[in-house]
Amino acid sequence: MTVTYFPGETLEKFLDTLEKATDRDVQVVVADNDSTDGAPEKAARRENVKLLSIGENVGYGTAANRGVAELDDSYGWVVVVNPDLEWEPGSLDALLEVAERWPRGGAFGPLIHDLDGTVYPSARLLPSFGRGIGHAAFGKIWPGNPWTRQYRQETGTPVERTAGWLSGSCQLIRREAFDSVDGFDTRYFMYFEDVDLGDRLTRAGWLNVYAPSSSVMHIGGHSTSQASAKMLRAHHDSAYRYLADRHRGLLWKPVMLAVKAGLALRLKLETRQK
C-alpha cells in the first residue's frame, strides 16, 4: 500500500523494482491524495495495482488507513511504503523471513539508504521529552549532540533489533497489530504518524523490529518538496501534538506552552531561511 501525491516517475520505478523484491504475488493499493500528474492512473494499468482516488489531500495517515481498508481480511501482512522508494532484489522476502523469527513483531523496517549509499537512521528510540527537545533545538546546528545521537540510534554496524519506532517510508506491518491500534492516528496530517504508531504498537504489546538484512533505497522528499513551507508547518504541528498527547495535566501546561512557543519560533526561523 502506497500513498501518492504527485509521485511523478518515481512510482513506475517503485513498481518495477517491487517485481524483484519478492517471489510472492502482491496486490498494490495506490491511495492517491488528489494528484494531477497522471502517474497514479498510469500505474493502475498494471494488473496487480488498484487505484483508490481520494479526491482531496487528506494527509498521509488517513490515506494509508483507507488504502489498507481496501485489502480484505485474507491479507495477514500489509506494507505501508512511500512511492519514492526502490526495492532491492529479494528485500520484501527478506523482511518476511525476519518476521517469522519475531511472533510478537507488529512492524518490521528494512535498512534504508540514500542515493549515495548513506544509511538513514530509520529505527530510533521514542522521542522522550528531554531527547525530543534536545534533538529539536540542536539537531541542525550541532548534528553530533548527545540527544540527537541517542535518539537516532546511529551506533556502528546495523543489527537486527527492536526499536521504539520505525520510519514510515517502508514498514511491513502485521495486519492483526495494525488493526489492534486502529491504524495511523488521523489527527497527524504529515510527520510523526509513524512515531505515534510505533509507540501505540508497543503499548499494545507488539514489537517494532529493525531488519537490516532487507535493504531499500529511498529518494525522499519528492512529494513534500511540492509545498515545503506547508510541510515545515505540518512537522512542527505534529511534533507538538505528539508531546502534548503524552504530557497532559495542569503541571505540564506551562511546560507545553513553552514548547509551543519554542516550536513557533523555530518554524519562523526556518521558513525565513527558505
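A few remarks follow.
- A Cα-only calculation for region 1-123 places Rg and Dmax at 14.5, 42 Å.
- A P(r) calculated from all alpha carbon pairs of region 161-274, with 5 Å bins opening at zero, reads 2, 10, 17, 18, 18, 16, 12, 6, 1, 0 percent.
- Helix-only mean residue ellipticity at 222 nm for the chain, each DSSP H run of n ≥ 4 adding -39500 (n - 2.57), per residue, nearest 500: -12000 deg cm²/dmol
- Relative compactness, region 13-54, computed as alpha-carbon Rg over 2.2 N^0.38 Å: 1.19
- Annotation: amide H of Leu207 within the under-5 Å range of Gly105, Gly106, Ala107, sequence separation 5 or more or interchain, hydrogens built in the peptide plane.
- Per-atom-type breakdown for the chain gives carbon and sulfur 53% of the accessible area (1.4 Å probe, protein chains only).
- Overall dimensions of the chain as given by Cα atoms, namely Rg and Dmax in Å: 18.4, 56
- Antiparallel bridges, percent of DSSP beta bridges restricted to the chain (to nearest 5): 50
- Exceedance of the 31 Å cut-off in Cα-Cα distance is limited, within the set Lys20/Lys230; Lys42/Lys230; Lys42/Lys260, to Lys20/Lys230; Lys42/Lys260.
- Among the GluC sites (Glu not before Pro) within region 1-53, those in coil by DSSP and having at most 15 neighbouring Cβ atoms inside 10 Å are Glu9, Glu19, Glu47.
- Within straight-line cross-link reach of Lys50, aspartates and glutamates at Cα separation under 12 Å, skipping those fewer than 8 residues along the same chain: Asp32, Glu41, Glu70
- The chain, accessible area per residue, ligands and nucleic acids excluded (1.4 Å, Å²): 49
- Stokes-Einstein, applied to the Kirkwood radius of region 54-111 over Cα pairs at a viscosity of 1.306 mPa s and 10 °C, places its translational diffusion at 118 µm² s⁻¹.
The values are calculated or read from the model by the stated rules, or taken from the named source; none is laboratory data. Since this is a predicted model, take the numbers as computed values, not measurements. For neighbour counting, all protein chains shown are included, and Cβ atoms are generated from backbone atoms with ideal geometry for every residue, glycine included. Ligands, DNA and RNA are excluded from the accessible area calculation, which covers all protein heavy atoms including side chains. Shrake-Rupley method; radii C 1.70, N 1.55, O 1.52, S 1.80 Å.
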